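The values are calculated or read from the model by the stated rules, or taken from the named source; none is laboratory data. Quantities reported herein were computed from a predicted structural model and do not represent experimental measurements. Here the Cβ positions follow ideal geometry from the backbone for every residue, glycine too, while neighbour counts run over all protein chains shown.
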Amino acid sequence: MAFQDYKITGESPFVGLDNFIALFLDKSFWDSIGRTFYFVGLNMALAFVAPILLAVMLTDIPKCKIFFRTMFFLPQMSSGLVIALLWKLMYEPTPQGFFNQIITLMNHLPFVNIDHQQWLQDPQLAMVCVVVPTVWASMGMASLIYLAALGSIPRDMYEAAEIDGATIFEKFKKITLPSILPLIIINFVGAFIGTFQNMGNIFLMTFGGPGESTTVVGLKIWIEAYNNLRFSMATAMAWVLGSLLIGFTYFQIKFLGKIEYKKAK
């Protein structure tokens, strides 16, 4: 299909590399690649790191562990569609919007003067706004995986570190992080690939807007195929995206082969 001028009905003549040449000369495609890397970077920095920190905090919390673990896991039980639409309502840009009402309350504090935000309608904030619901909704499930790994770390290692005068940060750096590093890297591979292909929240909350500020490659492929009915161009884009992911995955798997794995008791 990528090497044809594909038509839903009638003949689809062979055009060779014409689709790929047109694609590589298309500035908007390269702009969407850049936005995709920005989107993936934000997701990996927030949605990937937050569950690790949450798992560490839920492990060390002195009381009500089950309650807090349940509370953070509850968003996982909701539909992704419901979560996206819920957050879209909270991002309402008028003064009556949920987050703008919070800003109004904060402005009553001394030395605080924050303007109401446009949120999803602001090109500078839109990408962050579509990432945050994913972070909020996915933390619970991911943190449970890390909680299981943290439970396998012998407590006497922490006790020995405390006797030696180690701080919380030093214990995390020298004991916790090395113990769960293999699991982090394994999850990183899946999260990296999934984030590149993910465009559900963007589709529901902004549809690539305002302008093209949130148009990532996955959404651009969908628009080309189902809005513009340019299936050949969409397939060529999918080939490029797939090739990038195969390349990244290859290097990640090579790195995984150098890691020592241990069975938790």
Self-check item: Filter pass, Leu120 being at pLDDT below 85, surrounded by 15 or more Cβ atoms within 10 Å (Cβ to Cβ) and in a helix (DSSP H, G or I)
Solution: no
Practice problem: Sort through Leu54, Leu105, Leu86 and tell me the only one that's closer than 30 Å to Leu177 by Cβ and in a helix (DSSP H, G or I). | Solution: Leu54
Practice problem: Of the conditions (1) in a helix (DSSP H, G or I); (2) more than 29 Å from the chain's Cα centre (by Cα); (3) hydrophobic (A, V, I, L, M, F, W, C); (4) surrounded by 13 or more Cβ atoms within 10 Å (Cβ to Cβ), Phe72 clears all except one; give me its number. | Solution: (2)
Quiz item: Only one of these conditions is not met by Gln101: (1) polar (S, T, N, Q); (2) crowded, with 16+ Cβ neighbours inside 10 Å; (3) closer than 26 Å to Ser213 by Cβ. Which number is it?
Solution: (2)
Quiz item: How about the stretch 150-241: which helices (runs of 4 or more DSSP H) wholly inside it have at least 2 residues that are more than 30 Å from Met127 (Cα to Cα) and charged (D, E, K, R)?
Solution: 155-163, 168-171
Quiz prompt | One residue from Gly194, Gly257 being under 23 Å from the mean Cα position of the chain (by Cα), of a type in the set (Gly, Ala, Ser) and exposed (fewer than 14 other Cβ atoms within 10 Å of the Cβ) | solution = Gly194
Practice problem: Just give me the residues in the stretch 133-158 being among the aliphatic types (A, V, I, L, M) and either over 28 Å from Leu204 (Cα atoms) or surrounded by fewer than 16 Cβ atoms within 10 Å (Cβ to Cβ) (or both), in sequence order. | Solution: Met141, Ile145, Leu147, Ala148, Ala149, Leu150, Ile153, Met157
